[in-house]
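J.: Before we start, here is the structure in question, set down as structure tokens.
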Amino acid sequence: MADEAKAKGNAAFSSGDFNAAVTHFTEAINLAPTNHVLYSNRSAAYASLNKYSEALADAKKTVEVKPDWGKGYSRLGAAHVGLGHYGDAISAYKRGLEIDPNNEALKSGLADAQAGAARSRAGPSPMNPFGDAFSGPEMWAKLTADPSTRAFLQQPDFVKMMQEIQTNPSNLNLYLKDQRVMQALGVLLNVKLRGGPAGAEDEEIPESPPAPKQPEPRKEEKKSEPEPMEVSEEESEAKKRKAEAIKEKEAGNAAYKKKDFDTAIQHYTKAMELDDEDISYIMNRAATYLEMGQLEDCIKDCDKAVERGRELRADYKMIAKVLTRKGTALVKMAKGSKDFEPAIEMFQKALTEHRNPDTLKKLNDAEKAKKELEQQEYFDPKLADEEREKGNEYFKQQKYPEAIKHYSESLRRNPKDPKAYSNRAACYTKLGAMPEGLKDAEKCIELDPTFAKGYTRKGAVQFFMKEYEKALETYQEGLKHDASNQELLDGVRRCVQQINKASRGDLSPDELKERQAKGMQDPEIQNILQDPVMRQVLTDFQENPKAAQEHTKNPMVMNKIQKLVSAGIVQLR
């Protein structure tokens, strides 16, 4: 938060909005009252507003918090110069140079303070009453603050002229024809000037004024523009460490691609030590541990990444990725069905952060594996037989719900037992739960196609559902495997009776209506009625006896006719 306020203050200072800069630096100081850079920056902002008393207070605080920082004494000296305290300013600059002998700002400030002290003792030059206007670093602050002169500071020739005037105010007379100089003079004196001296009002502003016939100023006399906001040593060091961390990460990635996992681990670890505000380094190390099969280390890194990511408010997609990685490690560690539960929980948490198709697939695979293991762990044919026998006892007592409970437990113990499916199908049939009974009967036949009881169960369900044609087919299919099975033979007989009853037209009106309604719901009946050939056949039976006679010789046609008769749709007379 303090860094954010500081950044806003720096931006406001750079744009010349010094009041806003003071506001932002004050906010930053309230959040980080021991940060010397903030006091230094606010001192510069106050000096730019000519509030030198406030600038002096902040400069003193700067050197109090950080007495070994040369920049603080530069601020202190500038504030003293602004207040006209040249002796104090000289002392401040000299103290700063003792700490940082090569600091150009301190050297330049000392020269200004000494020049100011000399002028104050000699009084203003009779030839140039404006000497004080050009003295000290406040000249540059005023020119930077004023929108009308700020752009001039980007022009080297203007800066050179102002430096020469500041070194020797008498040089002002050499540049009075330059309207930029006149504009700057007006800003420094807080008056509005419309141009140069009499007779020069109509002259154009020269793009590059004549070079003054003066020796080039010595380098040590060169004045710098207002100093930019400082970046603290801590921030500079942090940026350097981040850059080094990124290099370590890239080296780790290269090693990972080569499957040199030990080297990759070393680089990722180094990156983590350099920068703990980026969880991608520990995420990559976790991925490397996963590839190496060091699953516990992978899980520990994932936990650390999630914890640190929450603290840093990391992207939710990164958090989801870490949780998915941990879930993957847990799946690899799973030995029993219970071991899959924490992995499934991790995948579910990851999906609440970000719904990723890869994570969803991993979740489905884990749930499937857990279920299969549960079945394997629960499998016990002996206990399954015991449960089936218990179900048989309840069936004999006509306690069908209780019987279903034991048959179901038997199937959990041994899901490949066709007898348990057959017996449970019989219970469902007794309870009138025909769809469930049909499903169990079909499963029984699937597990053992030669088991006759499965066909009798299925045929019985279909008969009770009044699907006589289907029931007949089921019984006949069963007889292929057990031709002498009495239950199957009785089933065939009952179905034929019902079918012939419809053929003879012996159905009552209610029975006919019910059978027709049921038949119309049968997809096979619907397909027959929609078949153009069969529709023509039915028309011929009504209108063309000779053609109908020919149709009766076709087994496929007659088979379909018989289905329509059984369904009550067609009656033969």
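J.: Does region 1-122 classify as rounded, prolate or oblate by the C-alpha gyration tensor (a ≥ b ≥ c root eigenvalues; a/c under 1.5 gives rounded; else a/b over b/c gives prolate, otherwise oblate)?
T.: Prolate.
J.: Related question: Out of 485, 432, 459, whose Cα points farthest toward the positive end of the dipole of region 401-506 (charges: +1 Lys, Arg; -1 Asp, Glu; placed on Cβ)?
T.: Of the options given, the answer is 432.
J.: Could I have the simple spin-label model distance between residue 3 and residue 490, label points 7 Å from Cα toward Cβ, reported in nm to one decimal?
T.: 8.7
J.: Note the listed values (1) 30.1; (2) 29.3; (3) 34.4, then indicate which one is Kirkwood radius over Cα pairs in Å calculated from this particular structure.
T.: Step by step, Kirkwood radius over Cα pairs in Å for this structure corresponds to label (3).
J.: Another question, then. How many angstrom lie between the C-alpha centres of region 1-34 and region 519-563?
T.: Cα centres, region 1-34 to region 519-563: 93 Å.
J.: Report, in whole Å, the centroid distance computed from the Cα atoms of region 45-119 and region 147-174.
T.: When both Cα centres are located, 23 Å separates them.
J.: Please compute the per residue accessible area over the chain with all protein chains in place, 1.4 Å probe, rounded to a whole number of Å².
T.: 56
J.: Roll a 1.4 Å probe over the protein heavy atoms and report the accessible area of residue 267 in Å², nearest 10.
T.: 50
J.: If I fit a long axis through the Cα atoms of helix 418-430 and take the longest principal axis of the Cα atoms of the chain, what angle between them do I get, 0 to 90°, rounded to 10?
T.: Taking Cα atoms only, the helix is inclined about 80 degrees.
J.: Right, here's the next one. I'd like the accessible area for residue 310, computed on protein heavy atoms only with a 1.4 Å probe and all protein chains in place. Round to 10 Å², please.
T.: For residue 310, solvent-accessible area is about 120 Å².
J.: For region 322-347, list residues with backbone N below 18 Å from a point placed 7 Å from the Cα of residue 376 toward its Cβ?
T.: 330-344
J.: Let's see if you can work this out: charge +1 on each Lys and Arg Cβ, -1 on each Asp and Glu Cβ, no other charges. What is the dipole magnitude of the chain about its Cα centre, in debye to the nearest 20?
T.: Its charge dipole is roughly 1720 debye.
J.: Further question: What pairs in 6/321; 6/142; 419/458; 416/518; 390/480 have C-alpha atoms more than 25 Å from each other?
T.: 6/321; 416/518; 390/480
J.: Oh, and also: Using the alpha-carbon atoms, what tilt in degrees (0 to 90, nearest 10) does helix 381-396 show relative to the longest principal axis of the chain?
T.: 50
J.: Rounding to the nearest 10 and keeping the result within 0 to 90°, find how far the Cα-based axis of helix 468-479 lies from the longest principal axis of the chain.
T.: Between the helix axis and the principal axis of the chain, the angle is about 80 degrees.
J.: Could you tell me the distance between the Cα centroids of region 388-448 and region 453-493, to the nearest Å?
T.: With region 388-448 and region 453-493 each reduced to a Cα centre, they are spaced 18 Å.
J.: Ok, one more. Pop a pseudo-label 7 angstrom from the Cα along the beta-carbon direction at both residue 242 and residue 542 and give the gap in nm to one decimal.
T.: According to this spin-label approximation, the distance is 8.6 nm.
J.: Spelling out what I want: for every residue of region 299-316, take phi, set θ = phi - 60°, compute 6.51 cos²θ - 1.76 cosθ + 1.60 (Karplus), and round to whole Hz; glycine and proline get x.
T.: These are the phi-based 3J(HN,Hα) values: 5, 4, 5, 4, 4, 5, 5, 5, 4, 5, x, 5, 5, 8, 6, 5, 4, 4 Hz.
J.: Let me ask you something else. Under the rule of -39500 (n - 2.57) per DSSP H run of 4 or more residues, summed and divided by the residues of the chain, what mean residue ellipticity at 222 nm is obtained, to the nearest 500 deg cm²/dmol?
T.: So the helix-based figure for the chain works out to -23000 deg cm²/dmol.
J.: Moving to a separate point now. Mind checking the full-extension length gain between residue 276 and residue 148? Use 0.36 nm per residue of separation minus the Cα-Cα distance, one decimal, nm.
T.: That pair, residue 276 and residue 148, stretches by 41.4 nm at full extension.
J.: Please give the length that would be gained between residue 259 and residue 527 if that part of the chain were fully extended, namely 0.36 nm times their separation in residues minus their C-alpha to C-alpha distance (nm, one decimal).
T.: 90.3 nm
J.: With a/c under 1.5 counting as rounded, go ahead and sort region 386-481 into rounded, prolate or oblate using the C-alpha gyration tensor (a ≥ b ≥ c being the square roots of the eigenvalues; past the cut-off, prolate if a/b is larger than b/c, else oblate).
T.: The shape class here is oblate.
J.: If the chain between residue 102 and residue 358 were fully stretched, how many nm would it gain, using 0.36 nm times the residue separation less the Cα-Cα distance?
T.: 86.2 nm
J.: Using a 1.4 angstrom probe on heavy atoms only, work out the carbon and sulfur share of the accessible area of the chain in %.
T.: Summing carbon and sulfur atoms, their accessible area is 50 percent of the total for the chain.
The values are calculated or read from the model by the stated rules, or taken from the named source; none is laboratory data. Just so we're clear, the structure is a prediction, and the values are computed from it rather than from any experiment. Heads up, the Cβs are rebuilt from the backbone with ideal geometry, glycines too, and the neighbour counts pull from every protein chain shown. When the accessible area is computed, the model is the full protein with side chains, heavy atoms only, and any ligands, DNA or RNA have been set aside. Shrake-Rupley method; radii C 1.70, N 1.55, O 1.52, S 1.80 Å.
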